[in-house]
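Q: Okay, handing you the structure first.
FYI, it's all coordinate maths here, none of it is from the lab. Note that this is a predicted model, so its numbers are computed, not measured. Cβ: placed from backbone, ideal geometry, glycine included. Neighbour counts: every protein chain shown.
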Amino acid sequence: TPINCTVHEVRVSPCPEAAEGKPCGIKRGTDASIEFDYTA
């Protein structure tokens with residue numbers, strides 16, 4: 001049985017563009033982390 005979830009927030013680090021409200025631009029080969037808050 002599939003379980004749907006709702007993603008509430010996504011955080012990408014590093015993301016200097018976030019300070020300007022822009023999408024994160026991550027280049028291939030660059031280390032980054034992603035975190036998200038969700039409810040199932």
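Q: Name every residue in the stretch 1-15 that is more than 10 Å from the chain's Cα centre (by Cα) and either surrounded by 10 or more Cβ atoms within 10 Å (Cβ to Cβ) or assigned to a loop (DSSP other than H, G, I, E, B) (or both), in order of residue number.
A: Within the stretch 1-15, Thr1, Pro2, Ile3, Asn4, Cys5, Pro14 meet the criteria.
Q: Another question about this same structure. Filter the stretch 16-28 for residues that are of a type in the set (A, V, I, L, M), surrounded by 10 or more Cβ atoms within 10 Å (Cβ to Cβ) and part of a helix (DSSP H, G or I) and give the result.
A: Ala18
Q: Pick from Asp31, Asp37: which is out of contact with any Leu (no Cβ under 7 Å at 6 or more places or on another chain), in a strand (DSSP E or B), on the phi < 0 side of the Ramachandran plot and not hydroxyl-bearing (Ser, Thr, Tyr)?
A: Of Asp31, Asp37, the one residue that is out of contact with any Leu (no Cβ under 7 Å at 6 or more places or on another chain), in a strand (DSSP E or B), on the phi < 0 side of the Ramachandran plot and not hydroxyl-bearing (Ser, Thr, Tyr) is Asp37.
Q: Further question: Does Glu9 qualify as being touching a Lys or Arg at 6+ places or on another chain (Cβ under 8 Å) and in contact (Cβ under 8 Å) with a residue 24 or more places away in the chain?
A: So Glu9 fails the test.
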